[in-house]
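Remarks on the structure that follows.
The values are calculated or read from the model by the stated rules, or taken from the named source; none is laboratory data. Being a predicted model, the structure only gives us computed values, none of them experimental. Because the Cβ atoms are built from the backbone with ideal geometry, glycine has one as well, and the counts that use them run over all protein chains shown.
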Protein chains: 2
Amino acid sequence: LHAIVFDRQVRFEPNHPDPTPGSGEALVRVHQAGICATDLEIAKGYGGFRGVLGHEMVGTVLEGPRNWRGQRVACEINCVCRKCDMCLSGLSTHCRNRTVMGITGRDGCFADLVAVPEANLHGVPDNISDEEAVFIEPLAAAYQVIKQVPVEPRMNVAVVGSGRLGLLVAQVLAATGCRLEVIGRNPRTLDQCEKKGIMTRLADEVAPRADREVVVDCSGSPAGLELALGLVRPRGTVVLKSTHADRPAANLSPAVVNEVTILGSRCGPFPEAINALARKQIDVRPMISRTLPLEQAAQAFEAAAAPDNIKILLKINPPSGR
Amino acid sequence: LHAIVFDRQVRFEPNHPDPTPGSGEALVRVHQAGICATDLEIAKGYGGFRGVLGHEMVGTVLEGPRNWRGQRVACEINCVCRKCDMCLSGLSTHCRNRTVMGITGRDGCFADLVAVPEANLHGVPDNISDEEAVFIEPLAAAYQVIKQVPVEPRMNVAVVGSGRLGLLVAQVLAATGCRLEVIGRNPRTLDQCEKKGIMTRLADEVAPRADREVVVDCSGSPAGLELALGLVRPRGTVVLKSTHADRPAANLSPAVVNEVTILGSRCGPFPEAINALARKQIDVRPMISRTLPLEQAAQAFEAAAAPDNIKILLKINPPSGR
């Protein structure tokens, strides 16, 4: 197995042991995969993961139930027990016994092959390209924001951060008809919003007037969270999208004084993401900065950390027979 | 005016200028006042306040509208404009132009006399003693928790911190019939809960099993917030009650992963607090550690910061004619 492995450092491994699918699992041949901020945090030590990295992917089912074999799929990343209190109360993404692809206790998709529970497979319609399909997982996470917080037309909403996730959340929010502003530090990435008619502003130029009903923090930085807490109106909501390897020294006192709701938000609904990509409601292609082969692991992770780059894709296997 | 003033340091001031009530304001002769964590934070520089400290009090209306004169009162602390967007939407504790007694832009009640808007006055029934009435303001803040989060019988709830506010929040929550545990570092203060039949546990002995539906963080420390985030179940709620002068380096990643709601909570409803004290549903008297005269400002603040002490009261004027 060719794979990108993390074990104190990120490296390409040409002879990693092949995955062996467990009961109820399929073996998926990975076409392409995407590097996200969580991968970069894991590479800094977040969560103590060791093994094959990666959780954003598209591939073809090689082995598994007959009705799935040969199908092009995207895969949910939480592999769950269906027996614990969380699973039984309908919150299986919070399964007490879960493993998470490339994040917790289970090898990921930066490899030729990955083992995935059958229940995690989602068929990818033909009118979504491989490049686009890699975005299904992070786009689902963006849709989770509007699952958790009702956003309505004319609401004043801000997104802090114009990186990978910020740009997806911005597009999801823009479609609600809310009054949206994306606030970031990088004119190049903000420009992607401007081209879609979404208002933007540089973080340095924003006065934190505490007048937005909802602010989504996709900055991944303590300064970004503090800006979000300055932007949100009293009794408003800040949605927190980023995990950190280190402890951010953010001042939460404004959240107490203004009785703000800070809402943690993680994985989201795949069907919404697939539907939006299939209908071309969300355009992810301009976000692809570079596509690299699996062998160039170090270069790919370096590129993913560079501020001007947005999404770095890994090209792994060609889609067979397509 | 005798007053405790903060101006780079906390000091007793024997000849401070008398307060001059503005239009619609009453002059209140202060009987007793209480020192809370916010006062201690202000004394460390929180919020940049300068002037007469103090916002927990009971007194008698000396000057003001005829129907209030001579009445014993507790006073709400937010002095509001009734014109801004927050006031007009019913959120006047979040008034954009507010001053706050002894906290923001307005002298407080650690003084013989304090000026208070008439709208902020609440009559204190005769069956609430002066000592008890000082707790009306912080007890209202404790009731705010159950205004913001519905707590129901048999819910698993924890309070982190067994200080001034933690012990009040614990009593308010215990009355809901929830399954309550108070977690603190100090056996002496936890003992106050045990005496009321509320289960307690030392922070060191708690396994953060992510199984409480609601956790109220009254610890005032980053370690306390991290413990709260470890105790709360996925999709549960952490109520944040403390403001800090410094930036706490708390790790918020578990809030993202577990999609926790962190809810800032500040001032609360006076009528609930007055009603509970009048009916003896809440017993605050065991919380009074010492009562000192205004002149002993430094000693009083030092005592309030000592871990084994809970509430320090300041005795200012005797209740006239009583």
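Please verify whether segment A:235-255 includes one or more residues that are out of contact with any Gly (no Cβ under 7 Å at 6 or more places or on another chain), assigned to a helix (DSSP H, G or I) and at pLDDT 95 or above.
no
Quick check on B:S265: is it touching a Lys or Arg at 6+ places or on another chain (Cβ under 7 Å) and within 14 Å of chain A (Cβ to nearest Cβ)?
When the stated conditions are applied, B:S265 passes them.
Among the residues of segment B:181-191, is any of a type in the set (S, T, N, Q) and out of contact with any helix residue (DSSP H, G or I) (no Cβ under 6 Å at 6 or more places or on another chain)?
Among the residues of segment B:181-191, at least one is of a type in the set (S, T, N, Q) and out of contact with any helix residue (DSSP H, G or I) (no Cβ under 6 Å at 6 or more places or on another chain), which makes the answer yes.
Which residues, counting only those in segment A:64-94, are within 14 Å of chain B (Cβ to nearest Cβ) and among the charged types (D, E, K, R)?
Answer for segment A:64-94, where residues must be within 14 Å of chain B (Cβ to nearest Cβ) and among the charged types (D, E, K, R): just A:D85.
Could you please give the count of residues in segment B:180-234 that are away from chain A (no Cβ under 14 Å) and in a loop (DSSP other than H, G, I, E, B)?
6
Among residues belonging to segment A:194-215 that are of a type outside the set (S, T, N, Q) and in contact with a Ser or Thr (Cβ under 8 Å, 6 or more places away or on another chain), point out the one that is nearest to A:E41 (Cα to Cα).
My answer is A:V215.
Could you check segment B:27-140 for strands (runs of 3 or more DSSP E) lying wholly inside it with 1 or more residues that are under 17 Å from the mean Cα position of the chain (by Cα)?
Fully inside segment B:27-140 and qualifying: B:56-63, B:72-75, B:121-123.
May I ask you to list pairs of residues, at least six apart or on different chains, whose Cβ atoms are under 9 Å apart, with the first in segment A:161-179 being within 12 Å of A:I310 (Cα to Cα) and the second being in a strand (DSSP E or B) and polar (S, T, N, Q)?
Cβ pairs passing all conditions: A:S162/A:T200.
Can you say whether A:L229 is farther than 24 Å from A:I282 by Cβ and buried (at least 18 other Cβ atoms within 10 Å of the Cβ), as far as the supplied structure shows?
Yes.
Residues to consider are A:G51, A:G59, A:G34, A:G22; find the one that is farther than 18 Å from A:G268 by Cβ, in contact (Cβ under 8 Å) with a residue 40 or more places away in the chain and buried (at least 23 other Cβ atoms within 10 Å of the Cβ).
A:G59
Would you say A:T243 is within 8 Å of chain B (Cβ to nearest Cβ), surrounded by fewer than 21 Cβ atoms within 10 Å (Cβ to Cβ) and among the hydroxyl-bearing types (S, T, Y)?
For A:T243, the condition - within 8 Å of chain B (Cβ to nearest Cβ), surrounded by fewer than 21 Cβ atoms within 10 Å (Cβ to Cβ) and among the hydroxyl-bearing types (S, T, Y) - is not met.
Return only the number of the condition from (1) surrounded by 20 or more Cβ atoms within 10 Å (Cβ to Cβ); (2) on the phi > 0 side of the Ramachandran plot; (3) within 14 Å of chain A (Cβ to nearest Cβ) that B:I103 does not satisfy.
Against the list (1) surrounded by 20 or more Cβ atoms within 10 Å (Cβ to Cβ); (2) on the phi > 0 side of the Ramachandran plot; (3) within 14 Å of chain A (Cβ to nearest Cβ), B:I103 comes up short only on (2).
Would you say A:V256 is more than 7 Å from every other protein chain (Cβ to nearest Cβ) and free of Cβ contacts under 8 Å to residues at least 40 places away in the same chain?
no
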